[in-house]
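*Asks:* Following this message is one structure expressed as structure tokens.
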Amino acid sequence: MEERNIDGYIPDSNLARYLNRGGVLRTRASAAAHRRMRRKLRDPAGRATYTRRKAIIEPMYGVLKEQRGMRRFRRRGLANEAAEWAPATTAYNLTRLWRTSEPLGAQSLAVAFCVQRCMQRLMRQLEMQNQRATES
């Protein structure tokens, strides 16, 4: 990430436990990059940036996993997983648009459900194609 000039806030599992629940760090950071990340996340500004993630990103994963059943991808391979992930996130975003915009509410919801059903049909078709390919 440093080579690409990406300013990431990614804690190791030990530091994540410390940031989320409090307590004492159990291990020391040995690598220089590891120490810099810990220092950045202990800073009040870094901690504020890290805690924003909980309100922005984590709820989306929770909704897709629990409410929409996306615990596992049905197909293997990065391209196939991307093809499955894109419609699911599109449906999620359309649902959020519907909730935030009152005048177009019913239209946005209809589009979101339509996208979700199309995605489910597409996944069924892809599964049937996979089964045919394995049988022959």
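*Asks:* Pick out the one residue from R38, R4, R17, R53 that is assigned to a helix (DSSP H, G or I) and either modelled with pLDDT of 80 or more or in contact with a Lys or Arg (Cβ under 6 Å, 6 or more places away or on another chain) (or both).
*Replies:* Among R38, R4, R17, R53, only R38 is assigned to a helix (DSSP H, G or I) and either modelled with pLDDT of 80 or more or in contact with a Lys or Arg (Cβ under 6 Å, 6 or more places away or on another chain) (or both).
*Asks:* Turning to a different aspect of this structure: So in the stretch 20-35, with the set limited to residues that are basic (K, R) and assigned to a loop (DSSP other than H, G, I, E, B), which one is farthest from Y92 (Cα to Cα)?
*Replies:* R28
*Asks:* Here is a follow-up. Kindly indicate the residue of the stretch 20-50 that is among the basic types (K, R) and in contact (Cβ under 8 Å) with a residue 24 or more places away in the chain and also nearest to W85 (Cα to Cα) among those meeting that condition.
*Replies:* So the residue we want is R47.
*Asks:* Additional query: With the structure loaded, tell me whether E135 is farther than 14 Å from M60 by Cβ, at pLDDT below 75, loosely packed, with under 12 Cβ neighbours inside 10 Å and among the acidic types (D, E) or whether it fails that test. Explain how you work it out, then say what you get.
*Replies:* Numbers: farther than 14 Å from M60 by Cβ: yes; at pLDDT below 75: no; loosely packed, with under 12 Cβ neighbours inside 10 Å: yes; among the acidic types (D, E): yes.
Against the criterion (farther than 14 Å from M60 by Cβ, at pLDDT below 75, loosely packed, with under 12 Cβ neighbours inside 10 Å and among the acidic types (D, E)), E135 does not qualify.
*Asks:* Something else: Among the numbered criteria (1) part of a loop (DSSP other than H, G, I, E, B); (2) farther than 30 Å from V115 by Cβ, which single criterion is violated by G69?
*Replies:* Every condition holds for G69 apart from (2).
*Asks:* Could you grab the pairs with beta carbons closer than 7 Å, sequence gap of 6+ or different chains, first residue in the stretch 77-94 and under 13 Å from M123 (Cβ atoms), second one modelled with pLDDT of 80 or more and part of a helix (DSSP H, G or I)?
*Replies:* Note: pairs meeting the criteria are A88/L64.
*Asks:* Another one. Does R53 meet the test of being touching a residue at least 40 places away in the same chain (Cβ under 8 Å) and over 26 Å from S13 (Cα atoms)?
*Replies:* Here the answer is no, as R53 does not meet what is asked.
*Asks:* Separate question: Give the residues of the stretch 76-99 that are surrounded by 14 or more Cβ atoms within 10 Å (Cβ to Cβ) and outside any helix (DSSP H, G or I), sorted by residue number.
*Replies:* none
The values are calculated or read from the model by the stated rules, or taken from the named source; none is laboratory data. Owing to the predicted nature of the structure, the values given are computational and were not obtained by experimental measurement. So basically every Cβ, Gly included, is an ideal-geometry build from the backbone, and we count neighbours across all protein chains shown.
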